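A.B. asks: Below: one structure in structure tokens.
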Amino acid sequence: MTSLRTLGSSDLKVFPLSLGGNVFGWTADEETSFAVLDAYAAAGGNFIDTADAYSAWIEGNKGGESETIIGKWVKARGNRDSVVIATKVSQHPEYQGLSAANIKAAADASLRRLDTDHIDLYYTHFDKPEVPVEEIIGALDELVKAGKVRQIAASNISPERLKASLDFSDREGLARYVALQPHYNLVSRDTYEGPLQDLAAKEGLSAVPYFSLAAGFLTGKYRPGTTVDSARAGRAQQYADSERGQQVLTALDEIAAAHEVPVATVALAWLAAQPTITAPIASARTVEQLPALLGAADLKLTDEEVTSLTEASA
């Protein structure tokens, strides 16, 4: 049985692979989403990541489709106490921004869609530098005190704004960020490595990276000259056509063959081996895609293998 990890300084215990809910209500319909969620839970998974905006980018959708599906699944399975649900605020078409009023209204809307009385982990989805950190933290603290949110976190935020937020929380004795959700993977390292990662380590934050498989590129199915039928193929193909992308795939292929596991498993295991990383996020639009993701929770790469991948992606 894969052991759970503690998220930052919180009391949340999470599976070392977070299931991305961005595909629910987008490339996975409700029935398929339920099947994926069932398979993830059956493997011991308990950490589900979504956002109020998923999937407003699809014609006919309003945003909140993913939360609604997750809420229906939890109610149908009666397992609310055994899952950690993370969602986010700032990008829903009807709840844009991080003003105090918007944060509180958006949280209530997410609670309705999730059909629950609390959100386990509530992220600011994209920071809004025009809003003072004092206003943002103040509103999040109110949600925690009201019992609507257990823990708070930040995504897509600069080191400066993150530090200012943590300092304010400490100074005023208010709710404090316990986790960070950066864009981070083998072919996108610049955003997180450096000041942001250093700050997370210093402040005891857990990192839960998104785009862990680079829009599917790090599954290994995108190769030069191949065509993949996927909603995210355009972005993934950019990596496939680059020299760096090819170097990374070569290193992944070699290590995957040595362990007799899929390429995606190795890519996620590299991420999990990085400082501050608690649980990479990866999504599966079919049950068949799930084993390659779950395998990363138990794959321990050697120091040499980690270094080989790090150098290939430099």
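The values are calculated or read from the model by the stated rules, or taken from the named source; none is laboratory data. In this text, all values refer to a predicted model and were calculated from it rather than measured experimentally. Note that each Cβ is placed from the backbone with ideal geometry, even for glycine, and that neighbours are counted across all protein chains shown. Ligands, DNA and RNA are stripped out before the accessible areas are found, and what is left, the full protein with its side chains, is counted by its heavy atoms. Shrake-Rupley method; radii C 1.70, N 1.55, O 1.52, S 1.80 Å.
A.B. asks: Between K72 and E30, what length comes free when the chain is fully extended (0.36 nm per residue of separation minus the Cα-Cα distance, one decimal in nm)?
C.D. replies: Values: separation 42, 0.36 × 42 = 15.12 nm, distance 0.92 nm.
Extending this stretch completely gives an extra 14.2 nm.
A.B. asks: Another question, then. Between S3 and E130, what is 0.36 nm times their sequence separation minus the Cα-Cα distance? Round to one decimal in nm.
C.D. replies: Details: separation 127, 0.36 × 127 = 45.72 nm, distance 4.07 nm.
41.7 nm is the gain from fully extending S3 to E130.
A.B. asks: If you don't mind, another one. For Cα pairs less than 8 Å apart in space and 6+ apart in sequence, what is the mean separation divided by the residue count of the range 1-138, i.e. the relative contact order in percent?
C.D. replies: Numbers: 226 pairs, mean separation 28.6, N = 138.
Relative contact order here is 21 percent.
A.B. asks: Under the definition of Cα pairs under 8 Å and six or more residues apart, what whole-number percent is the relative contact order of the range 1-48?
C.D. replies: On the way: 41 pairs, mean separation 19.9, N = 48.
It comes to 41 percent, rounded to a whole number.
A.B. asks: What value, in deg cm²/dmol to 500, does the helix sum -39500 (n - 2.57) over DSSP H runs of n ≥ 4 give at 222 nm once divided by the residues of the chain? Before the final figure, lay out the partial values.
C.D. replies: Values: 11 runs with 127 residues, N = 314.
Rounded to the nearest 500, the figure is -12500 deg cm²/dmol.
A.B. asks: So, one more: Roughly how compact is the range 71-141, stated as its Cα Rg over 2.2 N^0.38 Å to two decimals? Please report the intermediate quantities before stating the final value.
C.D. replies: On the way: Rg = 13.1 Å, N = 71, 2.2 N^0.38 = 11.1 Å.
Against the compact-globule rule of thumb, the ratio is 1.17.
A.B. asks: Something else about it: What residue among A200, L37, G220 has its Cα farthest toward the positive end of the dipole of the chain, where the charges are +1 on Lys, Arg and -1 on Asp, Glu, each on the Cβ?
C.D. replies: It is L37.
A.B. asks: Okay, moving on. What do you get for the angle between helix 30-42 and the principal long axis of the chain? Use alpha-carbon atoms, 0 to 90 degrees, nearest ten.
C.D. replies: 80
A.B. asks: Give me the dipole magnitude in Debye, nearest 20, for the chain about the Cα centre, with unit charges on the beta carbon: positive for Lys and Arg, negative for Asp and Glu.
C.D. replies: Values: 28 positive and 42 negative charges, 99 e Å.
The dipole of the chain has a size of about 480 debye.
A.B. asks: What Rg and what Dmax come out for the range 12-53 when only alpha-carbon atoms are used, in angstroms?
C.D. replies: 10.5, 29
A.B. asks: Follow-up question, since we're still on this one. Round to a whole angstrom and tell me the spacing of the C-alpha centers of the range 125-151 and the range 180-217.
C.D. replies: Computed from Cα coordinates, the inter-centre distance equals 22 Å.
A.B. asks: Checking the table K148/K300; K221/K300; K13/K300; K104/K163; K128/K221 against a 30 Å threshold on Cα-Cα, which pairs fail?
C.D. replies: Details: K148/K300 37 Å; K221/K300 23 Å; K13/K300 20 Å; K104/K163 23 Å; K128/K221 36 Å.
Pairs exceeding the cut-off: K148/K300; K128/K221.
A.B. asks: Per the Cauchy relation, a quarter of the hull surface: what is the mean projected area of the convex hull of the alpha carbons in the chain, in nm²?
C.D. replies: Values: hull surface 61.2 nm².
If you wrap the Cα atoms of the chain in a convex hull and average its projections, you get 15.3 nm².
A.B. asks: At each listed q (0.12, 0.15, 0.23 Å⁻¹), what is the log10 of I(q)/I(0) that the Debye formula gives for the range 1-114 modelled as equal alpha-carbon point scatterers?
C.D. replies: For the range 1-114, the Cα-only Debye profile gives -0.43, -0.66, -1.29.
A.B. asks: Let me ask something else about it. Projected onto the charge dipole of the range 58-185 (+1 at Lys/Arg Cβ, -1 at Asp/Glu Cβ, origin at the Cα centre), which of S82, Y95, P182 gives the Cα projection farthest towards the positive end?
C.D. replies: Positive-most Cα among the choices belongs to S82.
A.B. asks: What are the principal axis extents of the Cα atoms in the range 213-255, in Å, biggest first?
C.D. replies: For the range 213-255, the Cα extents along the three principal axes come out at 28, 17, 15 Å.
A.B. asks: Taking a temperature of 37 °C and a viscosity of 0.692 mPa s, what whole-number D in µm²/s does Stokes-Einstein yield for the range 223-314 with Rh from Kirkwood over alpha carbon pairs? Please report the intermediate quantities before stating the final value.
C.D. replies: Numbers: Rh = 14.0 Å.
My calculation gives 234 µm²/s for D.
A.B. asks: Three principal axis extents, largest first, for the C-alpha atoms of the range 134-198, in Å?
C.D. replies: 41, 22, 15 Å, listed from the longest principal axis down.
A.B. asks: I need the Debye-formula profile for the range 136-267: one equal scatterer per C-alpha, no solvent, reported as log10 I(q)/I(0) at q = 0.17, 0.18 1/Å, two decimals.
C.D. replies: -0.89, -0.94
A.B. asks: Just to be sure I understand: of the beta bridges DSSP finds with both ends in the chain, what percent are antiparallel, rounded to 5? Walk me through the numbers on the way to the answer.
C.D. replies: Details: 5 of 31 bridges.
Percentage antiparallel, nearest 5: 15.
A.B. asks: Cross-link candidates for K62: which aspartates and glutamates have Cα within less than 17 Å, leaving aside residues fewer than 8 places away along the same chain?
C.D. replies: Candidates past the 8-residue exclusion: D29, E30, D52, E94, D108.
A.B. asks: Also: In nm, to one decimal, how far is the modelled label at T302 from the one at S242, with both set 7 Å along Cα→Cβ?
C.D. replies: Simple spin-label model gives 2.9 nm for this pair.
A.B. asks: Given H placed 1.01 Å from N in the peptide plane, which residues other than close sequence neighbours of Y184 have an amide H under 5 Å from its amide H?
C.D. replies: Long-range HN contacts for Y184: Y210.
A.B. asks: Which order do the peptides 278-284, 166-172 come out in when sorted by mean C-beta neighbours inside 10 angstrom, highest first?
C.D. replies: Top to bottom by mean Cβ count within 10 Å: 278-284, 166-172.
A.B. asks: Counting alpha carbon pairs within less than 8 Å and at least 6 residues apart, what relative contact order, in whole percent, applies to the range 255-310? Mind showing how you got there, number by number?
C.D. replies: Values: 41 pairs, mean separation 24.0, N = 56.
It rounds to 43 percent for the range 255-310.
A.B. asks: So how tilted is helix 243-259 from the main axis of the chain? Cα-based, degrees 0 to 90, rounded to 10.
C.D. replies: 80
A.B. asks: Moving to a separate point now. State in Å² the accessible area per residue of the range 131-251; use a 1.4 Å probe, count heavy atoms of protein chains only, and round to the nearest integer.
C.D. replies: Ligands and nucleic acids excluded, the result is 41 Å² per residue.
A.B. asks: For D11, what charge total do you get from the other residues with a beta carbon under 12 Å from its beta carbon, if Lys and Arg give +1 and Asp and Glu give -1?
C.D. replies: That works out to +1.
A.B. asks: Of L249, G234, L309, whose Cα points farthest to the positive end of the dipole of the range 169-314 (charges on the beta-carbon: +1 Lys, Arg; -1 Asp, Glu; origin at the Cα centre)?
C.D. replies: Farthest towards the positive end: G234.
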